[in-house]
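Okay, structure first, notes after.
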Amino acid sequence: MSNLKNMLRWEFTLLSRYKIIHISILSVILYFLTTQAVPDMNKPIFHTMLLFFDPAIIGIMFIGALILFEKSENVLQALVITPMKVDDYLLSKITSLTILSIISATIFVVLLSIFGGIDFNIAYLAISIILTSVMLILLGFILVSRVNSINEYLLAMIVAFLGLLFPPMLHLSGLYENVIFYLWPTQASFVLFTGVFDATSLELWEIAYGIAYQLIWIGLLYFIAKKAFYKHIVMKGG
């Protein structure tokens, strides 16, 4: 537990040093300003999409940036020769970035509530942000553990974004609905995020699906992430 606490302090130091906290908060303020400047985007469907983008960016982009920074500064090389547990390393990343996602999302919905008069459901907000953040942070970790440069990671990140986001967004927008999209883990995220601004629209099976399916993916991705850390980082000395 003490190792995890120490690593959490280190994680927040990194988030501050690399201005990731600042970028995250500024991005949600920009999202809000965009909804106010463009009336057609000041609608629940766009609020839901923008609310999803923040944990997606933090989970996939920022986790990649952090680990690539650690690789370039030989931090991981030092960590792998310490008594550090893989679980502590993963949990410190997951916890710090999830807290950042919660803060950013809360700022976004509070701004919408104060200046736009838009109600939101705090329970759906919390569960949606936490589950989505954890799932995408693990995915981002798996992707970045296999690459050594920012260019390689950008390519992997673009493919992941398109593959994970495009089908559920089509379904949410109503442009093309297909039951097969419910196999996408991010479809479960979008289902729960819909409840943030319209809680009464969700049926019981949708709530159960949104929570259970993401938990299944989190368990699977955590297992893969641990193996990826050991194979691509520990065995290679960072």
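One table, with the values for the structure above:
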{"quantity": "Overall dimensions of segment 152-238 by Cα: Rg and Dmax, Å", "calculated": "16.1, 51"}
{"quantity": "Residue list for segment 160-183, given a label point 7 angstrom along the Cα-to-Cβ vector of Met41 and an amide N cut-off under 18 Å", "calculated": "166, 169-170, 173"}
{"quantity": "Most mobile listed residue (Leu136, Leu111, Leu183) in the chain, GNM with C-alpha springs under 10 Å", "calculated": "Leu183"}
{"quantity": "Residue range of the chain that is longest and free of GluC sites (Glu not before Pro) which are both DSSP loop and sparsely packed (at most 12 other C-beta within 10 Å)", "calculated": "74-176"}
{"quantity": "Fully extended contour minus Cα-Cα distance, from Phe223 to Ala199, at 0.36 nm per residue", "calculated": "5.4 nm"}
{"quantity": "Shape category assigned to segment 10-148 from the gyration tensor of Cα positions, a/c cut at 1.5", "calculated": "prolate"}
{"quantity": "Neighbour-count order for Val179, Val147, Val191, Val86, fewest beta carbons within 10 angstrom listed first", "calculated": "Val179, Val86, Val147, Val191"}
{"quantity": "Phi-based couplings in Hz for segment 63-70 (Karplus 6.51, -1.76, 1.60; Gly and Pro marked x)", "calculated": "5, x, 4, 4, 6, 5, 4, 5"}
{"quantity": "Within a Gaussian network of the chain (alpha carbon springs, distance under 10 Å), most fluctuating of Pro185, Pro167, Pro55", "calculated": "Pro167"}
{"quantity": "MRE, 222 nm, helices only [DSSP H, n ≥ 4, -39500 (n - 2.57), over the chain, to nearest 500]", "calculated": "-25500 deg cm²/dmol"}
{"quantity": "Pairs of Cα atoms farther than 17 Å apart, segment 98-207, %", "calculated": "62 percent"}
{"quantity": "Exposure rule at most 15 other beta-carbon atoms within 10 Å, DSSP loop trypsin sites (Lys or Arg not before Pro): the chain longest free segment", "calculated": "147-235"}
{"quantity": "Extension gain from Tyr182 to Ile207, taking 0.36 nm per residue of separation minus the Cα-Cα distance", "calculated": "7.7 nm"}
{"quantity": "Rounded Å value of the spacing that divides the Cα centres of segment 168-200 and segment 1-78", "calculated": "23 Å"}
{"quantity": "Calculated FRET efficiency for the pair Tyr230/Ala123, C-beta based, R₀ 41 Å, to 0.05", "calculated": "0.65"}
{"quantity": "Highest-fluctuation residue, Trp184, Trp205, Trp217 considered, GNM on the chain with Cα pairs under 10 Å", "calculated": "Trp205"}
{"quantity": "At R0 = 22 Å, FRET efficiency that the Cβ-Cβ distance of Ser16 and Val110 yields, to 0.05", "calculated": "0.50"}
{"quantity": "For segment 2-234: rounded, prolate or oblate by the Cα gyration tensor [a/c cutoff 1.5]", "calculated": "prolate"}
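Read-outs throughout are calculated quantities, based only on the coordinates presented, and are distinct from any laboratory measurement. These figures come from a predicted structure and were not determined experimentally. Positions of Cβ are backbone-derived with ideal geometry, glycine not excepted, and every protein chain shown enters the neighbour counts.
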